[in-house]
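Quick notes on the structure that follows.
The values are calculated or read from the model by the stated rules, or taken from the named source; none is laboratory data. Keep in mind the model is a prediction, meaning the values are calculated, not measured. Because the Cβ atoms are built from the backbone with ideal geometry, glycine has one as well, and the counts that use them run over all protein chains shown. All accessible areas refer to the heavy atoms of the entire protein, side chains included, with ligands and DNA or RNA removed. Shrake-Rupley method; radii C 1.70, N 1.55, O 1.52, S 1.80 Å.
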Amino acid sequence: MASSYSFLFLHMLVMFCLASIAFSDLSDDFYDDICPEALPTIRRVVEDAVRQERRMGASLLRLHFHDCFVNGCDASILLDQTATIDSEKTARPNNNSARGFEVIDRIKSEVDKVCGRPVVSCADILAVAARDSVVALHGPTWEVELGRRDSTTASRTTANNDIPTPLMDLPALIDNFKKQGLDEEDLVALSGAHTLGFAQCSTFRNRIYSETNNIDSTFASQRQANCPRSGGDSNLASLDPTPALFDSKYFSNLVSKKGLLHSDQALFSGGETDELVKTYSTNLRTFSKDFAKSMIKMGNIKLLTGNQGQIRVDCKKVN
């Protein structure tokens with residue numbers, strides 16, 4: 001009996017040590033010695049891309065979000081379809097919607113050039129590019145823990161099931177985020193990413209034509225002008241009044257019943273997240289601080305580290 005307990009203790013100790021080693025593989029100075037020019041290069045390419053198209057900042061931020069919600073932040077969203085890869089690019093939340101892949105490819109090429117070899121993972125590139133996109137649009141900065149490794153698999157089915165949809169109500173959103181280890185504050189703060197970017201007509205048509213409660217009628221009429229009842233699925237509308245500026249107007253819109261997506265307005269609909277939405281709507285500093293904190297938390301979901309996964313040579317395919 002004693003030997004059984006000894007074996008169990010030893011097994012638990014080994015597992016704890018392995019977990020500690022995996023966590024310690026992440027650090028904000030991970031590339032300082034092996035490639036000190038890596039992070040400045042990522043920032044330069046991101047800033048250039050956002051300068052050319054302001055919308056790209058939101059697109060790069062969304063890529064990181066959609067990557068992390070599907071089996072962790074492992075760059076699986078970047079993999080193209082093959083006989084063995086079930087690409088997430090064609091999942092419902094991403095198909096004809098996710099964009100910025102060419103910017104990630106350009107970053108990877110430039111980083112590998114300055115590093116002299118592929119040492120920076122595509123997963124780390126996504127995490128850093130998301131942060132640098134927010135900063136480029138006058139948002140907060142944060143320390144990105146680095147050392148992620150890239151997956152060798154993807155899952156379109158998991159993308160379809162785990163990425164939150166624009167039709168979700170508050171309980172479904174809370175459950176969706178909880179599944180990723182994120183709480184209600186994370187839900188509201190990260191939804192604030194919709195202070196940037198646009199949405200396609202197909203994602204908010206039902207809200208502006210069929211919903212009568214919790215929507216400003218003038219706002220609905222204005223959106224109908226560019227989103228007909230049929231057709232025009234890819235027509236764009238901004239998610240808040242200043243889609244290329246990180247501010248708190250997204251939350252002000254919710255308080256005024258002008259959330260573009262049903263899932264946006266669900267955050268201010270008489271539920272437990274109302275007070276935090278009100279706080280963020282009048283306090284950009286608090287929102288920015290909480291957003292940065294939640295981005296760090298999201299960026300650490302189910303990571304591959306150490307000898308797990310690989311460092312892809314081409315972000316679109318497994319080595």
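Side notes on the structure shown:
- Helices meeting the span-like rule in the chain (full DSSP H runs, Cα extent of at least 15 Å along the helix axis, mean Kyte-Doolittle score of 1.0 or higher): 2-24, 122-136.
- Computed extension gain for LYS302 through ASN214, at 0.36 nm per residue and net of the alpha carbon distance, reaches 28.1 nm.
- Cβ-Cβ distance of GLU272 and ASP80, R₀ of 41 Å, FRET efficiency by 1/(1 + (r/R0)^6): the value works out to about 0.50.
- Summed over the residues of region 24-138 and divided among them, the accessible surface reaches 40 Å² per residue at a probe radius of 1.4 Å.
- Put a plus charge on the Cβ of each Lys and Arg, a minus charge on the Cβ of each Asp and Glu, and nothing anywhere else: the dipole of the chain about its Cα centre is then about 800 debye.
- Whole-angstrom gap from region 181-211 to region 232-271, using each part's C-alpha centre: 6
- Whole-Å distance, taken between Cα centres, linking region 273-319 and region 152-178: 15
- For THR152, net neighbour charge (Lys/Arg +1, Asp/Glu -1) across residues whose Cβ lies under 11 Å away: +1
- A crude spin-label estimate for the pair GLN310 and ARG54, with each label 7 Å from Cα along the Cβ direction, gives 4.1 nm.
- Taking the average, over residues, of other Cβ atoms within 10 Å as the packing measure, peptides 160-166, 146-152 rank 146-152, 160-166 from highest down.
- Split the accessible area of the chain by element, probe 1.4 Å, and carbon with sulfur accounts for 53%.
- Local electrostatic count, PHE101, Cβ distance below 13 Å [Lys/Arg +1, Asp/Glu -1]: +1
- Burial order of peptide ranges 202-209, 131-138, 306-313 (average beta-carbon count within 10 Å, highest first): 131-138, 202-209, 306-313
- The chain: Rg to Rh, with Rh as the Kirkwood radius over Cα pairs: 1.00
- Based on protein heavy atoms only, region 191-244 ends up with 47 Å² per residue of surface accessible to a 1.4 Å probe.
- Ranking THR305, PHE291, ASN213 by Cα position along the charge dipole of the chain, where only Lys, Arg, Asp and Glu carry charges on their C-beta atoms, puts ASN213 farthest toward the positive end.
- Potential lengthening between THR242 and ASP28 on full extension [0.36 nm per residue; Cα-Cα distance subtracted]: 73.9 nm
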